[in-house]
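These notes are about the structure you will find just below.
The values are calculated or read from the model by the stated rules, or taken from the named source; none is laboratory data. Keep in mind that this is a model prediction, so the values were computed, not measured. In this analysis, Cβ positions are derived from the backbone assuming ideal geometry, glycine residues included, and neighbour counts consider all displayed protein chains.
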Amino acid sequence: MQDRIKGTVVQLTSTDKLFYWTVNILLVIIFIIIAIPMWSTITLSFRPNTFIGSNLEGMFLPPWQWSIAAYKALMGNSGFLIAFTNSFQIFFFGVVTALFFTIPMAYALSVKTLPGRRFFNILILIPYLFSVGLIPGFLVVRMLGLMDTLMSIYLPLAISTYNCLIMRGFFEGIPDELKESARIDGASEIVVLLRIILPLSKPIIMTIGLYYGVQFWNDFFHPLLYINKDSLRPLPILLRNILMGIGMNEFVEVDAFGEAPVQAIRAASVFLAAIPMIIAYPFIQKYFTKGTLLGSVKG
């Protein structure tokens, strides 16, 4: 076995070959562990009500025998569409709000001439290391009048210390000469951020945006605490109710059970809830590794 590095052929030792084979085997095992439950969920969501057999047999059911009745039942139900819309609003406004606050804060902490920079860096670590607890957070949300609003889900989580530190490390890695040349020309710090920093920071912005997006899309605990209106409940709450069989008739018409099994509806709801992240990830994946690595070098 040989490996090529910049046009040079490198002969791999027995230890190298063993290492590569071990890594490949582990990756195949991890892929199988992930793929089997995913394929089982997908095939279960397309399983017709007339199917008789084990779950293993259902995983290999021919595609021409699949049924989309479970998806029709969900997509045609107003409760599911409302929950999906609420989750999308939380996702969109949450990511925009989080980046709006995180980017300026991370840039300010990356400026070496900032007065009290060390103090502020330590200050933001305190809530990261020591949580204030559930009750103070609930009281703050209620005091601000955010109860039963979608803002109660994403506004308290608008700044993540971890994400802010990664972004700060990325900003610190940008050459100081670029910033100083703009400052010499009379540019303010806001202009430096908008004209110099942001155009060079697409990888870290996309990466941190993905972190926030996954967090807001899958958030279950905060909607459970702060939202009591059924019309404002997002998809994770609805998904939890469907999976637990609580009030199933509130979300899926009883007549739909004639064509779609309850298990198929549950599997379809899980698959539909994951589709937005599955679609978004391939577009962001090319920035993901670069943004994370560069941001963590000095973080």
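Let's see how each residue does on (1) modelled with pLDDT under 80; (2) over 17 Å from residue 263 (Cβ atoms); (3) of a type in the set (Ser, Thr, Tyr); (4) in a helix (DSSP H, G or I):
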{"position": "30", "(1), (2), (3), (4)": "no, yes, no, yes"}
{"position": "49", "(1), (2), (3), (4)": "yes, no, no, no"}
{"position": "53", "(1), (2), (3), (4)": "yes, no, no, no"}
{"position": "57", "(1), (2), (3), (4)": "yes, no, no, yes"}
{"position": "71", "(1), (2), (3), (4)": "no, no, yes, yes"}
Practice problem: Look at segment 78-104 and say how many of its residues are under 15 Å from residue 236 (Cβ atoms) and either in contact with a Cys (Cβ under 8 Å, 6 or more places away or on another chain) or touching a residue at least 60 places away in the same chain (Cβ under 8 Å) (or both). | Solution: 12
Exercise. Would you confirm whether any residue within segment 160-181 is touching a Lys or Arg at 6+ places or on another chain (Cβ under 6 Å), acidic (Asp, Glu) and in a helix (DSSP H, G or I)?
Key: yes
Quiz item: If you take the residues of segment 182-202 that are surrounded by 13 or more Cβ atoms within 10 Å (Cβ to Cβ) and part of a loop (DSSP other than H, G, I, E, B), which of them is modelled with the lowest pLDDT?
Solution: 187
Practice problem: Determine whether segment 128-136 contains at least one residue that is closer than 22 Å to residue 196 by Cβ and under 20 Å from the mean Cα position of the chain (by Cα). | Solution: no
